[in-house]
1. Calculate for the chain the 222 nm mean residue ellipticity that helices alone would give, adding -39,500 (n - 2.57) per DSSP H run of length 4 or more and normalising by residue count, nearest 500 deg cm²/dmol.
2. Please give the length that would be gained between Arg66 and Lys20 if that part of the chain were fully extended, namely 0.36 nm times their separation in residues minus their C-alpha to C-alpha distance (nm, one decimal).
3. So what is the relative contact order for the stretch 1-58, in percent, with contacts set as C-alpha pairs under 8 Å and at least six apart?
4. With the calculation restricted to Cα positions, what are the radius of gyration and Dmax of the stretch 1-55 in angstrom?
5. Let me know the charge dipole size of the chain about its Cα centre in debye, to the nearest 20, where only the beta-carbon of Lys, Arg (+1) and Asp, Glu (-1) is charged.
6. Once you put a point 7 Å from the Cα of Leu54 and another 7 Å from the Cα of Asn29, both along the Cβ direction, what distance in nm separates them?
7. With the other protein chains left in place, how much accessible area per residue, in square angstrom, belongs to the chain at a 1.4 angstrom probe?
8. Taking all protein chains as present, what is the carbon and sulfur share of the accessible area of the chain, in % to the nearest whole number, probe 1.4 Å?
Amino acid sequence: MKVTLKVYGMTCDDCVLHVKKGLEQVGKNVKVSIDGNASLEIDDSIDPYKIPSLEVFSGRYKAQVREIKDE
């Protein structure tokens, strides 16, 4: 399934890379932009609503699930 997130707290390209690497731990085809939009594909074993509680979002960055699509 494809999950779209809104990510808060990113201010530079290093932030984008850090969040992207964090999301790559649970998904593939990860895309993150400096404007706070992120998307990734996950398999059915992962609860998309637990993505905002990943370690990458435990400090400076926060995330919110915006959309979930079965593909």
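1. Working: 1 runs with 11 residues, N = 71.
When only DSSP H runs of four or more count, the value is -4500 deg cm²/dmol.
2. On the way: separation 46, 0.36 × 46 = 16.56 nm, distance 1.69 nm.
Length difference between fully extended and current span is 14.9 nm.
3. Values: 74 pairs, mean separation 23.3, N = 58.
Here the relative contact order equals 40 percent.
4. 10.4, 32
5. Numbers: 11 positive and 12 negative charges, 50 e Å.
Dipole magnitude for the chain comes out near 240 debye.
6. 1.6
7. Numbers: 4550 Å² over 71 residues.
I get 64 Å² per residue for the chain.
8. Details: 2070 of 4550 Å².
Its accessible area is 45 percent carbon and sulfur atoms.
The values are calculated or read from the model by the stated rules, or taken from the named source; none is laboratory data. Because the structure is predicted, anything quoted here is derived from the model rather than measured. Using ideal geometry, Cβ is built from the backbone for each residue, glycine included, and neighbour counts are taken over all protein chains shown. Keep in mind that these areas ignore ligands, DNA and RNA; they rest on the heavy atoms of the full protein, side chains included. Shrake-Rupley method; radii C 1.70, N 1.55, O 1.52, S 1.80 Å.
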